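Colleague: Please find one structure pasted underneath; my questions will follow.
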Amino acid sequence: MEIQKTAMAGTLESSDAQITVEPADSGIQLSIESSVMNQYGRQIKKTAEEKLRELGITKGKVKVVDKGALDCTLKARIEAAVFRSCGVSQKNIPWGGVVR
Amino acid sequence: MINAVGRNIPDELLQDGREVYQGKYYMDGKCFKKAGPQVRRCEKPTENKLCTTIREACEKCGAHDGMTVSFHHALRNGDYVTSMVMEVLIEEMGLKDLTVATTSLGSAQDLLADYIEQGKIIGIQSSGVRGRIGEAISAGKLRTPAIIRSHGGRPRAIEMGELHIDIAFTAASTSDYCGNAKGTGGKNNCGAMGYAVADSHYADHVVVVTDTLADYPNIPAPIDCIDVDCVVVVDEIGDPSKIGTKEARMTEDPRDLMMAENCAKVIAATPYFKDGFSFQTGVGGPSLAVNRFLESYMVERNIKMGFALGGMSGNICALQDKGLVGKLLDTQDFDMVTIQHLADHPDKHFEISTSEYASAANKGAYVNHLDFVVLAALEIDTKFNVNVLTGSDGVLRGAPGGHPDTAEGSKVCIIVTPLVRGRMATVCKDVVTVTTPGDTVDVLVTDYGIAVNPLRQDLIECLNKADIPHVSIESLQEKAYSLVGTPDDLEWENKVIAVLEARDGTILDVIRKIKPLVLE
């Protein structure tokens with residue numbers, strides 16, 4: 001998949017995360033803010049990188065503003081933001097593919 | 001040196017006979033000589049203590065650079081007096097190198113964070129440190145490490161001369177011109193003033209700050225005119241809407257209610273639940289809700305509570321009004337209902353000082369006669385150590401309050417807390433800061449199960465007999481980590497930003513400056 005336009009998913013409520021994705025010419029620029037940075041910053045980074053790899057994203061700007069979301073929430077929000085950015089969020093969600 | 005709860009205390013803090021924490025009851029039976037304040041004699045009958053401004057009172061009391069001033073927090077988030085006085089001392093009088101020794105700090109005193117950053121306030125001694133002040137201290141902005149004490153530890157330190165107060169500023173809802181001062185009968189009432197009593201007895205100078213001048217003699221009063229140097233009348237001592245909520249809210253959260261019900265079940269399963277028992281709860285949602293469930297057990301078994309202790313709220317007053325509680329021994333009031341109740345029922349609702357309440361260095365504090373205490377926690381680890389001071393991110397944002405005092409004094413200490421809060425595992429492998437040692441904590445009630453401290457085999461038997469299921473605390477911790485993931489260890493710099501005293505005055509833990517995680 002490819003990030004084609006700017007898209008967002010998630011909220012800034014406690015236990016959620018807000019993800020913003022933007023197209024970029026090359027590489028992935030990942031930025032992370034988190035209310036639980038000191039204890040979970042590395043894990044959030046790892047989860048985000050893995051999810052982007054699963055989705056086949058190789059370039060784009062990805063911003064994570066985390067408010068203590070669990071890993072499952074984080075993954076779902078990243079998926080939703082990416083799908084919205086390439087227009088597959090209304091239909092054609094790859095159920096059973098990269099979304100399990 | 002490693003102390004009895006496994007914390008490494010830097011040797012440079014162990015000077016002048018300071019010791020690390022050695023375990024509970026270590027100081028029992030030891031003797032000491034109480035400290036004594038300087039007293040200015042008021043022999044002349046015409047003596048008038050009224051001052052027109054705070055500055056005039058400060059000058060009369062010899063305010064100077066490097067002194068220690070004290071305040072109490074009965075006005076809680078509605079307090080104007082602490083900021084008002086510090087502004088006079090620093091902005092008007094240009095004083096510096098001040099140490100502020102309060103009973104607690106909250107958002108009402110945010111101004112002090114500016115003075116800490118400017119280097120005007122160099123020391124803080126408190127129970128609670130929250131909000132901007134907590135952040136400033138955590139960032140290492142104080143010249144000397146903050147000293148954190150429990151509500152019982154503070155009067156102990158004052159009585160033993162470890163905390164010497166030059167001027168105590170005591171906000172009071174009413175006072176007469178001579179300084180008989182209390183928390184009722186005025187326009188902004190705070191109720192019980194238990195926090196302020198030790199300061200009035202041991203400070204060199206005592207300034208009462210009130211907004212309602214009462215007829216002489218304004219008695220009975222917790223602050224006695226024989227201890228008071230000056231009385232200042234200001235427009236408002238605080239914002240009554242923030243002094244207390246209308247009534248400490250009873251939770252409707254089904255999770256809180258389930259935990260509260262389980263706490264009551266545990267209490268009712270022990271042999272200490274009998275006529276005349278004594279009880280204290282914190283004011284957190286689930287702790288407070290225990291009152292509701294306990295009531296039905298009391299009625300069912302025809303048992304009355306002998307006394308309730310500590311901070312009071314409307315529902316314990318209501319329980320007393322139903323005839324189910326003998327006496328209320330009140331250190332502070334959390335809502336307006338309770339403040340009014342204190343004023344209306346002098347025969348059964350009593351104000352007590354924090355030394356009477358919880359000091360480990362007098363001849364018998366009330367906490368030592370407490371059967372049950374139900375308390376909250378920010379974190380509890382598999383050794384039952386509790387943290388109520390630092391967030392899981394290592395920043396100061398809480399208060400030991402009466403937690404360690406009541407835990408050690410009571411026969412059964414129950415901690416009630418959800419297993420996780422957001423992504424924070426409340427039940428964890430090692431708490432960030434030990435505020436209450438694990439061997440004083442007996443039962444943990446969470447939304448995923450109950451655990452009993454293995455040191456209390458007697459309680460385990462009680463629960464088994466009552467068919468109350470319980471699990472090991474390790475299994476609760478594992479469950480928590482399976483939900484939120486295993487947290488990384490926090491990383492610290494060497495600099496100690498706060499010293500946490502055990503209630504007996506030894507060093508229980510230190511808080512170092514946090515090294516924030518920066519992702520590359």
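Colleague: Tell me, which residue of the stretch A:12-26 that is within 14 Å of another protein chain (Cβ to nearest Cβ) and surrounded by 16 or more Cβ atoms within 10 Å (Cβ to Cβ) is farthest from the chain's Cα centre (by Cα)?
Modeller: So the residue we want is A:S15.
Colleague: Also, quick follow-up: Of the conditions (1) touching a Gly at 6+ places or on another chain (Cβ under 6 Å); (2) modelled with pLDDT under 95, B:K383 fails just one. Which one is it?
Modeller: Condition (2) is where B:K383 drops out.
Colleague: Additional query: With (1) in a loop (DSSP other than H, G, I, E, B); (2) buried (at least 16 other Cβ atoms within 10 Å of the Cβ) as the list, and A:I78 as the residue in question, which single condition is left unmet?
Modeller: With (1) in a loop (DSSP other than H, G, I, E, B); (2) buried (at least 16 other Cβ atoms within 10 Å of the Cβ) applied to A:I78, the lone miss is (1).
Colleague: Inspect the stretch B:289-296 for any residue being farther than 29 Å from B:D79 by Cβ, over 23 Å from the mean Cα position of the chain (by Cα) and crowded, with 24+ Cβ neighbours inside 10 Å and give the result as yes or no.
Modeller: Just the residues of the stretch B:289-296 that are farther than 29 Å from B:D79 by Cβ, to begin with: B:292-296.
Now narrow it down to the ones that are over 23 Å from the mean Cα position of the chain (by Cα): B:292-296.
So of that shortlist, the ones also crowded, with 24+ Cβ neighbours inside 10 Å come out as B:294.
Yes, the stretch B:289-296 contains a residue that is farther than 29 Å from B:D79 by Cβ, over 23 Å from the mean Cα position of the chain (by Cα) and crowded, with 24+ Cβ neighbours inside 10 Å.
Colleague: Restricting to the stretch A:36-59, count the residues that are in contact with a Ser or Thr (Cβ under 8 Å, 6 or more places away or on another chain) and small (G, A, S).
Modeller: 1
Colleague: While we're here: Yes or no: the stretch B:277-300 includes at least one residue that is out of contact with any strand residue (DSSP E or B) (no Cβ under 6 Å at 6 or more places or on another chain), part of a loop (DSSP other than H, G, I, E, B) and at pLDDT 95 or above.
Modeller: Scanning the stretch B:277-300, I find no residue that is out of contact with any strand residue (DSSP E or B) (no Cβ under 6 Å at 6 or more places or on another chain), part of a loop (DSSP other than H, G, I, E, B) and at pLDDT 95 or above, so the answer is no.
Colleague: For the stretch B:83-93, does any single residue satisfy the condition of being farther than 20 Å from B:G131 by Cβ, assigned by TED's automatic domain parsing to the domain that holds B:S150, in a loop (DSSP other than H, G, I, E, B) and not aliphatic (A, V, I, L, M)?
Modeller: no
Colleague: Oh, and also: Quick check on my filter: what residues within the stretch A:27-53 are crowded, with 16+ Cβ neighbours inside 10 Å and over 11 Å from the mean Cα position of the chain (by Cα)?
Modeller: Result: A:I28, A:S34, A:S35, A:V36, A:M37, A:N38, A:Q39, A:Y40, A:G41, A:Q43.
Colleague: Related question: Can you tell me how many residues in the stretch B:362-379 are over 24 Å from B:P271 (Cα atoms) and either part of a strand (DSSP E or B) or within 17 Å of the chain's Cα centre (by Cα) (or both)?
Modeller: The qualifying residues number 3.
Colleague: Being in contact (Cβ under 8 Å) with a residue 12 or more places away in the chain and either polar (S, T, N, Q) or within 14 Å of chain A (Cβ to nearest Cβ) (or both) is true for just one of B:K495, B:K515. Which residue is that?
Modeller: Answer to the selection: B:K515.
Colleague: Of all strands (runs of 3 or more DSSP E) completely enclosed by the stretch B:380-493, which ones contain at least 1 residues that are surrounded by fewer than 19 Cβ atoms within 10 Å (Cβ to Cβ)?
Modeller: Counting at least 1 such residues, we get B:449-452.
Colleague: Starting from residues that are out of contact with any Ser or Thr (no Cβ under 8 Å at 6 or more places or on another chain) and more than 14 Å from chain A (Cβ to nearest Cβ), keep the ones in the stretch B:412-427 and report whichever is nearest to B:A498 (Cα to Cα).
Modeller: B:I415
Colleague: Among the residues of the stretch A:51-82, what is the count of those that are within 14 Å of chain B (Cβ to nearest Cβ) and closer than 19 Å to A:D25 by Cβ?
Modeller: Total satisfying the criteria: 2.
Colleague: Kindly state which helices (runs of 4 or more DSSP H) lie completely within the stretch B:118-202 and contain at least 2 residues that are surrounded by fewer than 21 Cβ atoms within 10 Å (Cβ to Cβ) and assigned by TED's automatic domain parsing to the domain that holds B:P220.
Modeller: B:131-138
Colleague: Name the one entry in B:G131, B:G152 that is modelled with pLDDT under 95 and touching a helix residue (DSSP H, G or I) at 6+ places or on another chain (Cβ under 7 Å). Please lay out each step first, then the result.
Modeller: Values: B:G152 fails: modelled with pLDDT under 95.
So the residue among B:G131, B:G152 that is modelled with pLDDT under 95 and touching a helix residue (DSSP H, G or I) at 6+ places or on another chain (Cβ under 7 Å) is B:G131.
Colleague: So, of the residues in the stretch B:375-411 that are of a type in the set (V, I, T) and within 14 Å of chain A (Cβ to nearest Cβ), which turns out to be farthest from B:G311 (Cα to Cα)?
Modeller: Looking at the filtered set, the residue picked out is B:V395.
Colleague: For the stretch B:26-63, give me each residue that is of a type in the set (A, V, I, L, M, F, W, C) and at pLDDT 95 or above.
Modeller: Within the stretch B:26-63, B:M27, B:C31, B:F32, B:A35, B:V39, B:L50, B:C51, B:I54, B:A57, B:C58, B:C61, B:A63 meet the criteria.
Colleague: Is the stretch A:28-36 home to any residue that is more than 14 Å from chain B (Cβ to nearest Cβ), closer than 23 Å to A:V98 by Cα and of a type in the set (A, V, I, L, M)? Explain how you work it out, then say what you get.
Modeller: Our first condition is that a residue be more than 14 Å from chain B (Cβ to nearest Cβ); within the stretch A:28-36, this holds for none.
No, the conditions are met nowhere in the stretch A:28-36.
Colleague: I'd like to verify a number: residues in the stretch B:71-101 that are among the acidic types (D, E) and crowded, with 23+ Cβ neighbours inside 10 Å, how many?
Modeller: Summing the residues that are among the acidic types (D, E) and crowded, with 23+ Cβ neighbours inside 10 Å in the stretch B:71-101 gives 1.
Colleague: If you go through the stretch B:279-301 one residue at a time, do you hit one that is in contact (Cβ under 8 Å) with a residue 60 or more places away in the chain, touching a Gly at 6+ places or on another chain (Cβ under 6 Å) and not basic (K, R)?
Modeller: yes
Colleague: Now for a different question. Please find, within the stretch B:470-492, the residue that is farthest from B:G128 (Cα to Cα) out of those that are away from chain A (no Cβ under 14 Å) and of a type in the set (A, V, I, L, M, F, W, C).
Modeller: B:V471
The values are calculated or read from the model by the stated rules, or taken from the named source; none is laboratory data. Computed from a predicted model, the values in this text were never measured in an experiment. Glycine gets a Cβ as well: all are built from the backbone with ideal geometry, and neighbour counts include every protein chain shown.
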